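For reference, the structure discussed in these notes is given below.
The values are calculated or read from the model by the stated rules, or taken from the named source; none is laboratory data. Since the structure is predicted, the reported quantities are computational estimates derived from the model, not experimental observations. Positions of Cβ are backbone-derived with ideal geometry, glycine not excepted, and every protein chain shown enters the neighbour counts.
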Amino acid sequence: MTTQVEERFSEFYEKWVFQLEENLQQLLKVSKEAPNGAEQQALVSKMTAHHKDYYTAKWVAAHEDVLAFFSPIWLSSLENAHLWITGWKPSMVFRLIDSLRQSRVGGASHTDISEEQLKKIGELSMKIRLEEEKVEREMERQQVAMADRKMVELARLASRVKIGDAASGVDGLVEVALKSLLAGLERVMKAADCVRLKTLKGVLEVLSPLQCVDFLAAMSMLQIQLRKWGKKRDSVCET
């Protein structure tokens, strides 16, 4: 049974991905045309705003039901398997940039990344990795908190209470404890999302407008294709 949050966000996400596909077509079109800095920058800004819209909607929904984002029903099994704390792993971006560079080996391109850009991207990569580790430590702390003394005592107390025998009092304690745990998960999720946004912002500041177009196109293409492959596989498994 799905919750209202899951239903609402599933509907939002379908529309968001549809718009992402339309934006991708614009990115690919602009990438092939003669350089037009103003048009490229406008499209990059449009894509940036599209991603910010996603996180704004996500944070509003997660405040109501954060657990929905740790096992999202709007994603395929394949997409879920690649999640890092409710989203894509920031360091993946740097592997993507490296893959784009390697694909151009042997042929010069107007979007080639300079040595100075590579240096800045390398420095950003190290900073982002440190922030990833910080978020991972906090996630681990939240998971370990499930077995702290108060939770163990509460579990023991709940197991001893008979149906209708002071159950309401125990339920109240459980509700308070779970509320604290969920608030912790929401903080970790937002921290991970902030690292994702910081990664995008940092990379886009280093790249030229046309390089940004190519990078965003590649990132969007991966996300869209991963979704299509995952949905196709899920439909086969269901038959």
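If we keep just the residues of the range 161-185 that are modelled with pLDDT under 70, of a type outside the set (Gly, Ala, Ser) and assigned to a helix (DSSP H, G or I), which is farthest from the chain's Cα centre (by Cα)? Step through it out loud before you land on a result.
Step one: filter the range 161-185 for residues modelled with pLDDT under 70, giving 161-171.
Still in the running and of a type outside the set (Gly, Ala, Ser): 161-163, 165, 170-171.
With assigned to a helix (DSSP H, G or I) added as a condition, the list becomes 170-171.
Working: Val170: 36, Asp171: 33 Å.
The residue in question is Val170.
Any residue at all in the range 55-70 that's under 16 Å from Trp16 (Cβ atoms), part of a loop (DSSP other than H, G, I, E, B), under 13 Å from the mean Cα position of the chain (by Cα) and not acidic (Asp, Glu)? Give the steps one after another, and end with the answer.
Here is the first cut: in the range 55-70, the ones under 16 Å from Trp16 (Cβ atoms) are 55-62, 68-69.
After this cut, where a residue has to be part of a loop (DSSP other than H, G, I, E, B) as well, the list is none.
No, the range 55-70 contains no residue that is under 16 Å from Trp16 (Cβ atoms), part of a loop (DSSP other than H, G, I, E, B), under 13 Å from the mean Cα position of the chain (by Cα) and not acidic (Asp, Glu).
Screening the candidates Ser71, Ser77 for the property of being under 27 Å from Ser180 (Cα atoms) and loosely packed, with under 13 Cβ neighbours inside 10 Å yields one hit, Ser71. Among the candidates Val144, Val152, Val135, the residue that is surrounded by 11 or more Cβ atoms within 10 Å (Cβ to Cβ) and modelled with pLDDT under 90 is uniquely Val152.
Scan the range 9-43 residue by residue and report those that are assigned to a helix (DSSP H, G or I), more than 19 Å from Arg227 (Cα to Cα) and either of a type in the set (D, E, K, R) or touching a Phe, Trp or Tyr at 6+ places or on another chain (Cβ under 9 Å) (or both). Scanning the range 9-43 gives Lys29, Lys32, Glu39. Look at the range 1-29: where a residue is more than 19 Å from Ala49 (Cβ to Cβ) and of a type in the set (Asp, Glu) and a partner is surrounded by 15 or more Cβ atoms within 10 Å (Cβ to Cβ) and modelled with pLDDT of 95 or more, sitting 6+ places away or on another chain with Cβ atoms under 7 Å, you get Glu6/Ala68. Filtered by the rule that a residue be at pLDDT below 95 and among the polar types (S, T, N, Q), the range 186-239 gives Ser208, Gln211, Ser235, Thr239.
Please work out if Ile121 is closer than 14 Å to Val203 by Cβ, among the hydrophobic types (A, V, I, L, M, F, W, C), crowded, with 17+ Cβ neighbours inside 10 Å and modelled with pLDDT under 95. Full working, then the answer.
Numbers: closer than 14 Å to Val203 by Cβ: yes; among the hydrophobic types (A, V, I, L, M, F, W, C): yes; crowded, with 17+ Cβ neighbours inside 10 Å: yes; modelled with pLDDT under 95: no.
No; evaluated as a whole, the condition is false for this residue.
Considered as a group, the residues in the range 8-45 that are more than 15 Å from Leu216 (Cβ to Cβ) and of a type in the set (Ser, Thr, Tyr) include one that is farthest from the chain's Cα centre (by Cα), and that residue is Ser10.
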